[in-house]
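Q: To start, I am sharing the structure in question, which I have written as structure tokens.
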Amino acid sequence: MKTTLDDRLTNVRDRMPADPEAGRFRHMLKAAGLERERLMSELDRLQRNLRASESISRKMLGELQAEINERRRQERMKDNFLNTASHELRTPLTVIKGAMDNLRDGVAGEFTPEQMAYLDLTSRHVERLCHMIDDLLDLSRLESGRTRMSRGPLHVPDLIEQVVKDFEIEAGSLGVEILRDVPPDLPKAHADPEMIRRVVTNLLSNAMKFARGRITVQARHADEQKVRRVEQATLLPELIGVQITVTDDGPGIDAGNLKRLFQKFMQVHHPSESRGHRGSGLGLTICKEIVELHQGRIWAESRPGKGAGFHFVLPEFDNQVQVRTLIDEAVSRAAPQGSPVSLMALAVLNADTVRDAWPPEDFEQVTTRLRDEIGSGVLWKDDRIDYWPHQSMFVILLQSGQDGAQSVRRRVRTKIEDLFRCAPAGLPKPEFGVGVAIFPEHAKNPEALLNLARERIEPL
């Protein structure tokens, strides 16, 4: 029969000789037994508290998850409502706008000056409503990730010149001068031209409403000292790149409103303080979404009575940035649907030897031709290819899994053999290797996907 610790302590105590030391030892044993009971009781209490805490934590976690799900549901409902309402409103507004244009052209006969004034007033408000609906649709697409970008090297001086010319007639009629401060030798930005045109247009349009007599459009390679100051003030990450600034000499913006400028439907000034009508309050929000979609940052600076300045920074173009952005975008599109993306790294294994032996322009010509040949003759519509000079490597992104990658690999090999069948006499022939990694089967994020494909490169 199993004995307890207390029974064993009692047996030891009973066998102890009756002397003072034994009595002291018996007292110590009794104290140890009491301490044990106390510790066991404390342990039991702690275990009960832990179980109770776990139960409360599970309940709180469940409530928090339910709240998050509910908020997501409400956000989806709101987005769906705005998207549907905008689409449904656009059709009748287009019909109304067309009918009013016909009336203005005299299709229904001549109008009196008073009737024409009412017609012009109605047309302006219909036009305003059309712009608001377009803004809602654009913002909905940007926030949902459904906007497709076409990023590449963007020459900022050319873009600014084009946008400013669009505003010069209106600015002249309002007595506003638009100054340019744009050096022609700026490094290229890595951006979608049409999207950035929209940002500069929105900022210039806002400046036109409040400028007293002067607007300045400036572009610079982002100044490191200024960037650090902005970074400390706004807790923004690194902003080095190409910085574009639009400033006006208008009434300025107070500090309280400055923090809320990029919120949806935010309108700071009363119409009496600006030219024209108030907009949708979405223009700056759209600018923010576009700039951040480019991994850039946008912010504003102002003092009441001293005008306002809006700044945004875009990443500087580099083939490495281009390639990594290409991979990020492909994975981002595929992840929500769980679709596979195959990344094929096609490297020139003897690149240093070929570069040393070939004339530089010949090697560049061959890489350009190979990229074009693979892009047009091997890949499907949504597949992409780009060249990474620093790594002497083509990065090929396929909207397919293992089978599709193997098929493309065979076709790429045939294309290379055809292209280099007649290599220049006396020059080393480029040797190619290829490695393939598949998202999400082999890697769960873009960086790991690229690294794995490079690690797997072997002779083609």
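Q: Please work out which residue is surrounded by the most Cβ atoms within 10 Å (Cβ to Cβ), limiting yourself to the range 380-436 and to residues that are among the aromatic types (F, W, Y) and under 26 Å from E361 (Cα atoms). Step through it out loud before you land on a result.
A: We begin by selecting, within the range 380-436, every residue among the aromatic types (F, W, Y); these are 380, 387-388, 394, 420, 432.
Adding the requirement that they be under 26 Å from E361 (Cα atoms) leaves 387-388, 394, 420, 432.
Details: Y387: 19, W388: 19, F394: 23, F420: 15, F432: 21.
The residue in question is F394.
Q: Please go through the range 79-116 and pick out each residue that is at pLDDT 75 or above, in contact with a helix residue (DSSP H, G or I) (Cβ under 7 Å, 6 or more places away or on another chain) and hydrophobic (A, V, I, L, M, F, W, C). Outline the logic, then answer.
A: First pass over the range 79-116, keeping only residues at pLDDT 75 or above: 91-116.
If we keep only those that are in contact with a helix residue (DSSP H, G or I) (Cβ under 7 Å, 6 or more places away or on another chain) as well, we get 93, 96-97, 100, 103-104, 111.
Listed by number, the residues that qualify are L93, I96, M100, L103, F111.
Q: Scan the range 128-159 residue by residue and report those that are over 27 Å from D328 (Cβ atoms) and in contact with a Lys or Arg (Cβ under 7 Å, 6 or more places away or on another chain).
A: Those that are over 27 Å from D328 (Cβ atoms) and in contact with a Lys or Arg (Cβ under 7 Å, 6 or more places away or on another chain): C130, I133.
Q: Does the range 433-441 contain any residue that is more than 17 Å from V323 (Cα to Cα) and not in a loop (DSSP other than H, G, I, E, B)? Quick ask: steps written out before the conclusion?
A: In the first step, residues of the range 433-441 are kept if they are more than 17 Å from V323 (Cα to Cα); the result is 433, 440-441.
Add one more test, that the residue is not in a loop (DSSP other than H, G, I, E, B), and what stays is 433.
Within the range 433-441, one or more residues are more than 17 Å from V323 (Cα to Cα) and not in a loop (DSSP other than H, G, I, E, B).
Q: For the range 264-283, indicate whether the set of residues that are modelled with pLDDT under 85, touching a Ser or Thr at 6+ places or on another chain (Cβ under 6 Å) and surrounded by fewer than 22 Cβ atoms within 10 Å (Cβ to Cβ) is non-empty. Please lay out each step first, then the result.
A: Applying the first criterion (modelled with pLDDT under 85) to the range 264-283 yields 264-283.
Restricting the remaining residues to those that are touching a Ser or Thr at 6+ places or on another chain (Cβ under 6 Å) gives 264.
Checking the rest, the ones that are also surrounded by fewer than 22 Cβ atoms within 10 Å (Cβ to Cβ) come to 264.
Checking the range 264-283: at least one residue is modelled with pLDDT under 85, touching a Ser or Thr at 6+ places or on another chain (Cβ under 6 Å) and surrounded by fewer than 22 Cβ atoms within 10 Å (Cβ to Cβ).
Every residue, every condition in (1) free of Cβ contacts under 8 Å to residues at least 40 places away in the same chain; (2) in contact with a Leu (Cβ under 8 Å, 6 or more places away or on another chain), yes or no:
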residue	(1), (2)
E110	yes, no
P113	yes, no
Y118	yes, no
I133	no, yes
L136	no, yes
L139	no, yes
E143	no, no
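Q: Evaluate the range 166-182: report whether one residue or more is among the polar types (S, T, N, Q), assigned to a helix (DSSP H, G or I) and more than 24 Å from the chain's Cα centre (by Cα). Steps first, please.
A: Taking the range 166-182 and keeping what is among the polar types (S, T, N, Q), we get 173.
Next cut, assigned to a helix (DSSP H, G or I) only: 173.
Now drop any that are not more than 24 Å from the chain's Cα centre (by Cα), which leaves 173.
Within the range 166-182 (the criterion being among the polar types (S, T, N, Q), assigned to a helix (DSSP H, G or I) and more than 24 Å from the chain's Cα centre (by Cα)), the answer is yes, since at least one residue qualifies.
The values are calculated or read from the model by the stated rules, or taken from the named source; none is laboratory data. From a predicted model like this one, the values you see are computed outputs, not experimental measurements. Using ideal geometry, Cβ is built from the backbone for each residue, glycine included, and neighbour counts are taken over all protein chains shown.
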